[in-house]
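Trainee: First the structure, which I've put down as structure tokens, then a few questions once you've had a look.
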Amino acid sequence: MIDVTDLVVSYGTATALDHVTLSVRQGEMVALLGPNGAGKSTLANTLAGILAPVSGTVRIGGRLALIPEGRQLFPDMSVADNLALGGWRSGQRDPSAVYELLPRLAELAGRRAGVLSGGEQQMVAFGRAMMARPEALVVDELSLGLAPTVTADLAAHLAELNREHGLTVLLIEQNARLAFELCHRAYVLESGRLVAEGESAELAEDPRVASAYLGGAIT
Amino acid sequence: MSAFLSYLLNGLAVGCAIALIASGLVVIHRVTGVVNFAQGTFAVVAGLCASSLLGMGLPHGLSEVAAVLAGAVAGLLTGLAAIGRRGTSPLSALIVTLGVGVLAYAVEIVLWGDQPRSAPGLAGSVTIAGARIQTQHLLVICVTAATFVLIALFFGRTYLGKALTACASNPYAARVVGIDTRRMGLLAFAIGGLLGGLAGVLITPLRPISFDTDVTLIVNGFAAAVFGALTRPVITLIGALLLGVAETMAAGYGYGSHQLEVALGLMILVMIVQASRRSTIHEETV
Ligand SMILES: Nc1ncnc2c1ncn2[C@@H]1O[C@H](COP(=O)(O)OP(=O)(O)OP(=O)(O)O)[C@@H](O)[C@H]1O
Ligand SMILES: [Mg+2]
């Protein structure tokens with residue numbers, strides 16, 4: 001569903017992604033880990049077509065939506081309008097299907113997006129992405145700044161969509177524990193390069209990954 | 001007393017034209033972040049077109065509509081020059097709009113010469129509460145009121161209007177949901193051209209227009225738009241009406257040569273007040 005080959009993306013002269021190759025198959029849920037500044041958001045924006053590659057190819061096999069880092073809502077607009085705009089590409093204006101999926105959003109429909117709590121905003125961002133009727137979803141930092149229960153709630157929705165509707169997910173996360181729990185496979189990006197990839201279970205055992213992302217292995 | 005009333009009504013008509021210019025500035029700035037100094041040019045192009053088309057014997061209505069559309073085309077062309085290339089900053093786009101305004105002088109002089117031209121508007125006058133008001137003035141006021149209502153409905157209620165607002169509210173997020181912000185910016189420029197064109201067509205029968213009338217128009221329009229902080233249409237409208245009335249009063253009571261100074265003085269005053277207010281907020285939040 002998502003095929004990235006030898007991708008190079010740069011900001012001016014600074015290279016943010018350096019020959020990255022990765023793929024996510026249809027219906028798969030894959031994690032992308034990496035420290036601050038590794039280039040994770042750069043990859044997300046390139047997949048969404050907002051940034052253009054310098055070289056290499058990006059192939060997307062269906063409609064892709066992005067939940068961007070930091071929610072990025074339209075703060076002065078109502079939740080309902082935020083959702084409606086999420087349907088810009090798909091032509092879906094009526095959010096009732098998303099209300100069914102995330103009933104809390106129906107209660108918030110009339111509120112201004114900018115005054116909501118972080119968790120509520122992330123839910124709006126989630127709903128807005130689902131308005132695009134995506135076949136693939138890129139989530140840039142689901143848990144950023146959220147209480148564990150809120151994160152767990154959103155993660156459960158994500159897992160359900162993946163399991164029951166075959167939604168392909170690329171989950172960008174700082175919280176490796178959450179990422180390994182949700183995704184069966186993961187990539188690790190550092191300074192614009194892939195440094196590790198594999199099954200979550202294997203990676204969690206890898207001492208380098210464990211010490212960097214799981215709060216320090218005992219060794 | 002009735003002199004005062006007719007100055008007031010005439011002032012409101014002039015204020016309406018200013019408001020249309022200013023609303024074009026606001027629409028373009030809200031969507032693209034660009035201050036469009038070619039806004040007066042759209043009015044001049046439309047006004048000159050109207051005078052030519054009517055001079056060629058085309059009927060009223062058709063001539064005016066065609067002239068307003070010419071304003072919209074001028075807006076679109078200005079937009080292409082200013083933001084057509086991806087990644088142009090609002091500041092460099094502003095400089096481009098200044099350039100477009102100067103270039104337009106050359107084109108206008110070639111096409112229409114450098115003498116002021118007028119166009120027949122609605123003839124006659126009506127008497128309201130003892131004051132005689134020209135029918136054209138009344139037309140200007142009604143058309144402006146209707147336009148402001150339509151703009152408010154367009155931006156507040158329609159999907160396309162909301163998408164345009166989204167571009168201003170969070171351009172990155174607009175691109176995340178798939179809105180082509182560049183195309184939306186061009187659309188905003190076309191709407192700005194339409195509004196400027198409307199102002200030009202309405203004002204040409206009242207005040208002959210020439211290639212350099214855009215300076216008066218943009219100074220007044222900018223003053224009103226700054227009054228509304230370049231984003232708020234209603235306050236902009238109020239500012240424009242106040243300006244129109246103040247200037248007409250000044251002219252009526254014998255200070256006619258100082259109209260532009262009135263506008264400039266008010267604009268600078270508003271800017272100083274707003275700048276100091278903004279820095280206070282800034283200090284509070286830092
Ligand atoms: N708009 C930009 N202009 C210039 N450089 C940028 C821009 N955005 C990101 N960068 C640089 O590109 C590199 C990768 O940034 P990116 O945002 O992709 O990292 P990230 O992995 O998402 O980090 P974080 O975990 O902090 O979100 C960084 O060195 C960053 O400084
Ligand atoms: Mg990031």
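Trainee: What is the one condition in (1) within 22 Å of A:Leu22 (Cβ to Cβ); (2) open to solvent by less than 30 Å² (accessible area, probe 1.4 Å) that A:Thr151 does not satisfy?
Mentor: (1)
Trainee: Which one of A:Ala65, A:Ala80, A:Ala113, A:Ala48 is touching a residue at least 24 places away in the same chain (Cβ under 8 Å), surrounded by 15 or more Cβ atoms within 10 Å (Cβ to Cβ) and within 16 Å of ligand 1 (Cβ to nearest atom)?
Mentor: A:Ala48
Trainee: Something else: Given the criteria part of a helix (DSSP H, G or I) and away from ligand 1 (no atom under 15 Å from the Cβ), does A:Ala201 qualify?
Mentor: Numbers: part of a helix (DSSP H, G or I): yes; away from ligand 1 (no atom under 15 Å from the Cβ): yes.
When the stated conditions are applied, A:Ala201 passes them.
Trainee: From A:Val124, A:Val98, A:Val139, grab the single residue that is open to solvent by less than 10 Å² (accessible area, probe 1.4 Å), in the same structural domain as A:Thr42 (by TED's automatic domain parsing) and either acidic (Asp, Glu) or touching a residue at least 24 places away in the same chain (Cβ under 8 Å) (or both).
Mentor: On the way: A:Val124 fails: in the same structural domain as A:Thr42 (by TED's automatic domain parsing); A:Val98 fails: in the same structural domain as A:Thr42 (by TED's automatic domain parsing).
Checking each option against the conditions leaves just A:Val139.
Trainee: Go through the range A:179-198 residue by residue and tally those that are away from ligand 2 (no atom under 14 Å from the Cβ) and in a strand (DSSP E or B).
Mentor: So the answer is 10.
One line per residue, one yes/no per condition, for (1) touching a Cys at 6+ places or on another chain (Cβ under 7 Å); (2) free of Cβ contacts under 8 Å to residues at least 24 places away in the same chain; (3) open to solvent by 20 Å² or more (accessible area, probe 1.4 Å):
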{"site": "B:Thr41", "(1), (2), (3)": "no, no, no"}
{"site": "B:Gly57", "(1), (2), (3)": "no, yes, yes"}
{"site": "B:Leu80", "(1), (2), (3)": "no, no, yes"}
{"site": "B:Gly87", "(1), (2), (3)": "no, yes, yes"}
{"site": "B:Val96", "(1), (2), (3)": "no, yes, yes"}
{"site": "B:Gly101", "(1), (2), (3)": "no, no, no"}
{"site": "B:Val107", "(1), (2), (3)": "no, yes, yes"}
{"site": "B:Arg117", "(1), (2), (3)": "no, no, yes"}
{"site": "B:Val126", "(1), (2), (3)": "no, yes, yes"}
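Trainee: Can you find even one residue in the range A:206-216 that is part of a strand (DSSP E or B), more than 16 Å from ligand 1 (Cβ to nearest atom) and more than 17 Å from A:Val98 (Cβ to Cβ)?
Mentor: The initial filter retains those residues of the range A:206-216 that are part of a strand (DSSP E or B), namely none.
Scanning the range A:206-216, I find no residue that is part of a strand (DSSP E or B), more than 16 Å from ligand 1 (Cβ to nearest atom) and more than 17 Å from A:Val98 (Cβ to Cβ), so the answer is no.
Trainee: Test B:Ile209 against the stated conditions and say whether it is under 17 Å from the mean Cα position of the chain (by Cα) and buried (at least 19 other Cβ atoms within 10 Å of the Cβ).
Mentor: Here the answer is yes, as B:Ile209 does meet what is asked.
Trainee: Filter the range A:156-174 for residues that are out of contact with any strand residue (DSSP E or B) (no Cβ under 9 Å at 6 or more places or on another chain) and within 27 Å of A:Leu116 (Cα to Cα); which is farthest from ligand 2 (Cβ to nearest atom)?
Mentor: In this case the residue turns out to be A:Glu160.
The values are calculated or read from the model by the stated rules, or taken from the named source; none is laboratory data. No experiment lies behind these values; they were computed from the predicted model shown. FYI the Cβ positions are ideal-geometry reconstructions off the backbone, even for glycines, and counts take in every protein chain you see. Remember, those area values only see protein heavy atoms, side chains included, never the ligands or the DNA or RNA. Shrake-Rupley method; radii C 1.70, N 1.55, O 1.52, S 1.80 Å.
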